[in-house]
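Each remark here refers to the structure printed beneath this line.
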Amino acid sequence: MAGGGGAPGLRPLLLLLLAAAASVPGGDGQNLVTEDVTVVEGDVATISCRVKNSDDSVIQLLNPNRQTIYFRDFRPLKDSRFQLVNFSNSELRVSLTNVSISDEGKYFCQLYTDPPQEIYTTITVLVPPRNLVIDIQKEVAVEGEEIELNCTAMASRPATTIRWFKGNKELTGKAEVEQWSDMYTVTSQLVLKVGREDDGVPVICVVDHPAVKDLQTQRYLEVMYKPQVRVSQNYPVQGLTREGEPLELTCAAFGKPQPTDMRWLRVDDEMPQHVVVSGSNLLISNLNKTDNGTYRCEASNAVGKSHADYMLFVYDTTATTEPAVHGFTQLPNSAEELDYGDLSDSRAGEEGAIRSVDHAVVGGVVAVVVFAMLCLLIVLGRYFARHKGTYFTHEAKGADDAADADTAIINAEGGQNNSEEKKEYFI
């Protein structure tokens, strides 16, 4: 702060008065009021010395070095940054423009009463960060890698608080504070494991400081990842793959960098000779049951290789129901790909469809066997019913009417009384 002496005639008087001054309110009920001031470096600070129950006593303002800034409405200090804002019997208000760190400290308000009164106000100067920079360990990362980012806020007062965001999600960093003189430099370190979903996402460094609002900087992540492959059926469109009809498949692959190597193959078997592969397309012009199997599209780039599968099941020309087995599958090439849920169909769904077909076949066979057994039981029942009954012969006729056993035997052996023709009855 620039310094200067008071007016020649006032200096001895001021020194005498200051020597007799006390720092407690006077007993006459007058008292001084002021407030502390917080200001951003380069802005304007306003100091107000106010008097309650004023009796027209003299008010003056002194700087931290006890130099008189204003005595009533007169400015002895030769520093034009101090300007009188208001002067009356009850207030002395002074502004200080272009505030710097050297202006920080205690400023004294004095009231010349008997005894004199004195209070002080403190000016606190805030310094915003001079610069905010993000340094990234790797400009281009590969999915699954950990990268380190550092955000530095230089030369601030007080020390800043740094917060991290990835997109809209707040992350936690580790801060270190260094102090030079009255200034602070803060560096926050963030360690981040990146995936393909982070490519193109901004990482934002935000400063919390009382001297600034909305101070932030950001860097966009660039992440390379291996291809993600999809197989689509162009023809027939969501229809049955029947014998004699064509099948056309298209393979699409997306990765960073964009895949340059793409090929079709048949899993666990050779590719049929009549299959035509043209770039990303596979065409079978005349389907037959020997074409059944799993067809795989593989794609690769500088990061790695991925694939997607299509399970083909050829139906008879008379088939009218939707296929239960053929369709798309894509199996993960590693545990890292298990979370991608946008693949065409799942293996579990296909196995469930196969199980449902097996259950239907078994149920049909059981029904036929039960029906055949019921028919056999009906035929046997009717057969036994036709041969069931009691047989009576003519030889035994009359035995029940005999008076004794001998007569009965004679009658049963066909005596002369039973000369009628033998007959057989079915009951």
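Only one of (1) at pLDDT 80 or above; (2) touching a Ser or Thr at 6+ places or on another chain (Cβ under 8 Å) is not met by residue 370, so which one is it?
For residue 370, the exception is condition (2).
Quick one: count up the residues across segment 123-143 that are assigned to a loop (DSSP other than H, G, I, E, B) and open to solvent by 50 Å² or more (accessible area, probe 1.4 Å).
Result for segment 123-143: 5.
For residues that are closer than 19 Å to residue 188 by Cβ and of a type outside the set (A, V, I, L, M), scanning just segment 214-232, find the one that is modelled with the lowest pLDDT.
Checked segment 214-232; the qualifying residue modelled with the lowest pLDDT is 214.
Looking only at residues that are assigned to a loop (DSSP other than H, G, I, E, B) and open to solvent by less than 30 Å² (accessible area, probe 1.4 Å) in segment 196-224, which one is farthest from residue 40 (Cα to Cα)?
My answer is 221.
Please pick out the residue among 271, 262 that is surrounded by 16 or more Cβ atoms within 10 Å (Cβ to Cβ) and either aliphatic (A, V, I, L, M) or assigned to a loop (DSSP other than H, G, I, E, B) (or both).
Testing whether each residue is surrounded by 16 or more Cβ atoms within 10 Å (Cβ to Cβ) and either aliphatic (A, V, I, L, M) or assigned to a loop (DSSP other than H, G, I, E, B) (or both) leaves just 262.
Could you give me the residue pairs with C-beta distances under 9 Å whose first residue belongs to segment 264-279 and is small (Gly, Ala, Ser), whose second residue is surrounded by 13 or more Cβ atoms within 10 Å (Cβ to Cβ) wherever it lies, and which are 6+ apart or on separate chains?
279/251; 279/262
Considering only segment 167-195, state which residues are under 30 Å from residue 227 (Cα atoms) and open to solvent by 30 Å² or more (accessible area, probe 1.4 Å).
Result: 168, 169, 170, 171, 191, 193.
Here are some residues: 111, 77. Which one is modelled with pLDDT under 95, in contact with a Gly (Cβ under 6 Å, 6 or more places away or on another chain) and crowded, with 19+ Cβ neighbours inside 10 Å?
Criteria check complete, one pass: 77.
Out of (1) closer than 12 Å to residue 95 by Cβ; (2) open to solvent by 20 Å² or more (accessible area, probe 1.4 Å); (3) not aromatic (Phe, Trp, Tyr); (4) not in a loop (DSSP other than H, G, I, E, B), what's the single condition that is false for residue 50?
Answer for residue 50: the failing condition is (1).
Determine which member of the set 203, 212, 191, 229 is touching a residue at least 40 places away in the same chain (Cβ under 8 Å) and touching a Pro at 6+ places or on another chain (Cβ under 6 Å).
Testing whether each residue is touching a residue at least 40 places away in the same chain (Cβ under 8 Å) and touching a Pro at 6+ places or on another chain (Cβ under 6 Å) leaves just 212.
Between residues in segment 234-246 that are under 12 Å from residue 312 (Cβ atoms) and open to solvent by less than 60 Å² (accessible area, probe 1.4 Å) and residues that are outside any loop (DSSP other than H, G, I, E, B) and hydrophobic (A, V, I, L, M, F, W, C), which pairs lie under 7 Å by C-beta distance while being six or more apart or on different chains?
Hits for this filter: 241/247; 241/312.
The values are calculated or read from the model by the stated rules, or taken from the named source; none is laboratory data. Only a predicted model underlies this, so the values are computations on that prediction, with no experimental measurement involved. A quick note on method: Cβ atoms are made from the backbone with ideal geometry, for glycine too, and the neighbour counts reach across all protein chains shown. These accessible areas exclude ligands, DNA and RNA; they are computed on the full protein's heavy atoms, side chains included. Shrake-Rupley method; radii C 1.70, N 1.55, O 1.52, S 1.80 Å.
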